1. By how many degrees, 0 to 90 and rounded to 10, does the Cα axis of helix 190-213 deviate from the longest principal axis of the chain?
2. Please work out how much length the chain gains when fully extended from residue 220 to residue 137, using 0.36 nm per residue of separation minus the C-alpha to C-alpha distance, in nm with one decimal.
3. Taking the chain as a Gaussian network, Cα atoms linked when under 10 Å apart, which of 143, 34, 60 shows the biggest mean-square fluctuation?
4. When N counts the residues of the range 201-315, how does its alpha-carbon radius of gyration compare numerically with 2.2 N^0.38 Å, as a ratio?
5. At 0.36 nm per residue, and after removing the present C-alpha to C-alpha distance, how many nm does the segment from residue 164 to residue 93 gain when stretched out fully?
6. Computed FRET efficiency, Cβ-Cβ of residue 108 and residue 152, R0 30 Å: what is it to the nearest 0.05?
7. Which whole-number percentage describes the relative contact order of the chain, with Cα contacts under 8 Å and a sequence gap of 6 or more?
8. Relative to the longest principal Cα axis of the chain, at what angle does helix 3-16 sit, 0 to 90 degrees, rounded to 10?
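Bear in mind these aren't lab numbers, they're just calculated from the coordinates by the rules spelled out. All figures in this text were calculated on a predicted structure; none of them were measured in a lab. When we count neighbours, we look across all protein chains shown, and the Cβ atoms used for this are built from the backbone with ideal geometry, even at glycine.
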Amino acid sequence: MSERSTSSLEKAEVATESPPKPLHPTTKKRSTVAAYIALTKPRIIELLLTTTIPTVILAAGGWPSWQVLVSCIVFGYLAAGSANAYNMVLDRDIDAVMNRTKQRPLVTGEISARAATIFATALGIISIIGFGVFTNWLAGALAAIAILLYVVLYTIILKRRTDQNIIWGGAAGCMPVLIAWAAQTGTLDWAAAVLFLIIFFWTPPHYWPLSMKFAKDYRKAGVPMLGAIADDATVSRRVVLYGALTVAATLALIPIAPMGLLYSVAAVAAGAWFLWSCIDLYRHARHPERGRPKAMKVFHGSIYYLTIIFLAIAIDPFLV
């Protein structure tokens, strides 16, 4: 091929290569907004709101005031979002290693650690003051405690040091029911404590199956989640134990709240189904020839179970 024809070919190739188009301003803005929303871990917060709204209804003995309900949703989201954003700042090194988390905004560089910290701080302050002003300061104080539990106790102290991390660190995920109860009543009582225990005992059988599924990720990141450092039989045995404690706590709510027929039937039926799924996980773990333990089946099932329990809590006061 002649030098002239080669030059012509090169020009043709350059001509066909269209330069990348810059993002439209609104597109870029939406992308940034989406990145900040991702910092709050909205899918996790959805589950927290699933427990918050029924708790307010139960505390009110029926439909609560719109001010309390909206405050619990909005400021509850902001409090949890603050804790989750701080968590992403502190865990950005291990998030970069794990396949499950490597698309988080601080890992991809969409948001800087400094900007995320400012964002988390702003959300936390707004949530605490918002609860204090629009409900009461007990709810605001509990929101502050919830943020500290997740950021300090779980993320900084426990997560990288012990396989008990999710048990005690999971207490932060139980706080929304206490916050909601306090927002409605201005105080706490035994029913609120039982709701706290339901979520406290539920958290390990919800999260440990997930850690079994992503054990390699956690080992690679050096995070001692139980599913990453213990054999399947050990993990699933503890899942059964905490599953049984969860069901017991849901049944304890019946005389303490007290709850009616709908909730009682739901607690017994859903509890039996959930506990059986935990036992089935253990059966498969003890006998590998039956196939790999169905860890994600228990993980997803635990979400359905908690939703059923709290949906029954929300409906039950209207039937009494």
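1. The two axes meet at around 40 degrees.
2. Stretched fully, the residue 220-residue 137 segment lengthens by 25.6 nm.
3. Highest fluctuation of the listed residues: 34.
4. Numbers: Rg = 15.1 Å, N = 115, 2.2 N^0.38 = 13.4 Å.
Normalised by 2.2 N^0.38 Å, the Cα Rg of the range 201-315 equals 1.13.
5. Extra length available between residue 164 and residue 93 comes to 23.4 nm.
6. E between residue 108 and residue 152, to the nearest 0.05, is 0.70.
7. Values: 472 pairs, mean separation 56.4, N = 320.
Relative contact order for the chain comes out at 18 percent.
8. In the chain, helix 3-16 runs at an angle near 30 degrees to the longest axis.
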